[in-house]
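Undergrad: Following this message is one structure expressed as C-alpha cells.
We did not get these values from a lab; they are worked out from the coordinates using the rules stated. Keep in mind it's a predicted model, so treat the numbers as computed, not measured. Note that each Cβ is placed from the backbone with ideal geometry, even for glycine, and that neighbours are counted across all protein chains shown.
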Amino acid sequence: MIKSVPAMLVMALTAFAANSVFCRLALEEASIDAASFTFIRLLSGAVALAIICLMAKKTWKPSFPQPVPVLALFSYMVCFSFAYIKLSAGTGALLLFGFVQMTMMGVAIAQGKKMSGIAWFGLICAMLGVVYLVSPGISAPEPLFAILMAIAGIAWGIYSLSGAKITDATSSTASNFFYATLLAGLLSLFVFESAYFTIEGVILALASGIFASGMGYAVWYRVLPLIPVTSASSLQLSVPALAAFGGIIFIGEPITSRLIVSVLLIIGGIAVVIQQSRKSKQG
C-alpha cells in the first residue's frame with residue numbers, strides 16, 4: 001500500500017477525475033448504454049472494495065443496509081452515467097463538484113452554521129457560475145442532462161454527509177456498493193431491451209469501477225485522516241480541472257469561454273468559502 005501522503009492524494013484525485021473521462025468516453029462513442037455502465041461500475045467497484053477489506057482484515061461481509069446512503073449512492077451513479085450521454089467531461093465534473101459542495105454548505109447553513117459576508121459572497125459567485133454554465137447559448141449543456149448531473153451532485157453530497165461519522169469508511173462503502181449494485185441490476189432488467197455493450201465499453205466500465213471508484217475511494221479514505229478537513233475540500237477543487245484536461249487529451253473536447261468563466265466563478269467562489277471556514281475555526 002502506498003504510504004506517501006502526496007502520492008495518495010494525487011492517485012485519489014486523479015481517480016475521481018478519471019471517472020468522468022471513462023464514463024464520457026464510453027457513452028460518447030456508444031460503446032455501452034448508461035444503465036449497463038452503471039451496473040458494471042458498481043459491481044466491479046464492490047468487488048474491488050471487498051477485496052481491499054479482505055486484504056486488510058482477512059474477513060468482510062456486507063453490513064445491514066442503510067437506506068439513505070444506499071439510495072444516495074445509487075442515485076449518484078445512475079444520474080452521473082445518464083448525464084454523460086451528452087455532457088462533456090469538464091462540464092459534467094464542474095456541475096457535479098459544484099452541487100456536491102453547495103449541498104454540503106446548504107446543510108451546514110440549515111443546521112445553524114454562521115457564514116461571514118465574504119463567505120456569502122463566495123457562495124453567491126459559485127451559484128452564479130452554475131447559472132452561467134447552464135444558461136441558454138450555443139455552448140450551453142442540454143438542460144435535461146445538466147439537471148441529471150446536478151441531481152448526481154446533490155446525491156453525492158448527501159452520501160458524503162451520511163458517512164461523516166462512519167469509523168470504517170472503506171468497509172461501509174463496500175457494503176453500500178454491494179446494495180446499490182442490486183438496485184442497478186433491477187434497473188438494467190427494466191431497460192434490458194435497450195441495453196448494448198462492446199468490449200471497449202465493458203473495459204471502460206470496469207476501469208471506472210475497479211480503479212477510479214473502488215481503489216480511488218479506498219485511497220481517499222486512507223489519506224483523509226492524515227490531512228485537515230479544509231485541506232481535503234480545497235484539494236477537491238482540482239478535480240473538475242483534471243477532468244476537463246482529461247477530456248481535452250483523451251476525448252478531444254474543446255475548451256470554451258463559458259467553461260473557463262464558470263470554472264473561475266464556481267471553483268473560486270467555493271475556495272473563498274473554504275478559506276473563510278478555515279479562518280473561523282482558527283479564530
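Undergrad: Evaluated at 20 °C with a viscosity of 1.002 mPa s, what Stokes-Einstein diffusion coefficient in µm²/s does the chain have when Rh comes from the Kirkwood expression over alpha-carbon pairs?
TA: On the way: Rh = 19.1 Å.
The estimated diffusion coefficient comes to 112 µm²/s.
Undergrad: Another one. Quick one: S231, S262, fewest Cβ neighbours within 10 Å first, how do they rank? Walk me through the numbers on the way to the answer.
TA: Details: S231 14, S262 26.
In order of increasing Cβ crowding within 10 Å: S231, S262.
Undergrad: Length gain on complete extension for the stretch L186 to A7, per 0.36 nm per residue less the alpha carbon to alpha carbon distance?
TA: 60.6 nm
Undergrad: Now, a different point. Filter the cross-link list K61/K165; K86/K114; K165/K279; K114/K165; K57/K165 down to pairs whose alpha-carbon distance in this structure exceeds 30 Å.
TA: With Cα atoms farther than 30 Å apart: K86/K114.
Undergrad: Translational D (Stokes-Einstein, µm²/s) of the range 123-215 at 10 °C and 1.306 mPa s when Rh comes from the Kirkwood sum over C-alpha pairs?
TA: 96 µm²/s
Undergrad: When only Cα pairs under 8 Å and 6 or more residues apart are kept, what is the percent relative contact order across the range 5-282?
TA: That works out to 43 percent.
Undergrad: Among E193, E200, what is the fewest-to-most ranking by other Cβ atoms within 10 Å? Could you put the intermediate results ahead of the total?
TA: On the way: E193 5, E200 13.
Neighbour counts put them in this order, fewest first: E193, E200.
Undergrad: Same structure, new question: Apply the Karplus parameterisation 6.51 cos²θ - 1.76 cosθ + 1.60, with θ equal to phi minus 60°, to every residue of the range 159-173 and state each ³J(HN,Hα) to the nearest whole Hz, in sequence, with x for glycine and proline.
TA: 4, 5, 5, 5, x, 4, 9, 6, 7, 10, 5, 5, 5, 5, 5
Undergrad: Ok, one more. Residue farthest toward the positive end of the dipole of the chain, with Cβ of Lys/Arg at +1 and Asp/Glu at -1: which of L54, L148, G246?
TA: Of the options given, the answer is L54.
Undergrad: Between S257 and S231, 0.36 nm times their residue separation minus their Cα-Cα distance comes to what?
TA: Extending this stretch completely gives an extra 6.5 nm.
Undergrad: Determine which residues of the range 13-47 fall in the zone a paramagnetic label at Y196 would reach in this model, i.e. backbone nitrogen under 19 Å from the point 7 Å along Cα→Cβ.
TA: 23-40
Undergrad: Please compute the length gained on full extension between F121 and I248, using 0.36 nm multiplied by the number of residues separating them and subtracting their Cα-Cα distance. Spell out each step's value before the answer.
TA: Values: separation 127, 0.36 × 127 = 45.72 nm, distance 3.13 nm.
In short, 42.6 nm is gained.
Undergrad: What ranking do R258, R41 get, fewest neighbouring Cβ atoms within 10 angstrom at the top?
TA: Neighbour counts put them in this order, fewest first: R258, R41.
Undergrad: Please report the net charge: other residues with Cβ closer than 14 Å to the Cβ of A50, K and R +1, D and E -1.
TA: +2
Undergrad: Using Cα-only point scatterers and the Debye equation, what is log10 of I(q)/I(0) for the range 70-186 at each q in 0.22 Å⁻¹, rounded to two decimals?
TA: -1.20
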